[in-house]
Amino acid sequence: MTILKQIKESPKLQEFKTLHPTGNVLVIIFSIIMIWRGLWGLLDIYFFPGSPAFSHLACFLIGAIVLYLDDFRIDNLKR
């Protein structure tokens, strides 16, 4: 069993989630922010690194197109 799987299935972690739901939410929010921070950093370095304005515009357009193609829906996330 891998170490991450052991941590995930640990009784202490399950107890923390049950006894401290607000703390668990804060950990999740922090983790999401860290993922976005890392992604933004990588985009700054590798996605049109010589032209930050064009990089931001391209990211905006790609994101808008993906949302448009999905009809601006997030219903799949509600499951």
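Worth pointing out:
- Calculated on alpha-carbon atoms, Rg and Dmax of the chain in Å: 18.3, 49
- Per-residue Cβ neighbour rank within 10 angstrom, fewest leading, SER10, SER55: SER10, SER55
- Applied to segment 30-43, the Karplus parametrisation 6.51 cos²θ - 1.76 cosθ + 1.60 on θ = phi - 60° returns per-residue 3J(HN,Hα) values of 4, 5, 5, 4, 5, 4, 5, 4, x, 5, 4, x, 5, 4 Hz, with x for Gly and Pro.
- Among PHE48, PHE30, a tally of other beta-carbon atoms within 10 Å of each Cβ gives an order, fewest to most, of PHE30, PHE48.
Read-outs throughout are calculated quantities, based only on the coordinates presented, and are distinct from any laboratory measurement. Nothing here was measured: the structure is a model prediction, and the numbers come from that model. Glycine gets a Cβ as well: all are built from the backbone with ideal geometry, and neighbour counts include every protein chain shown.
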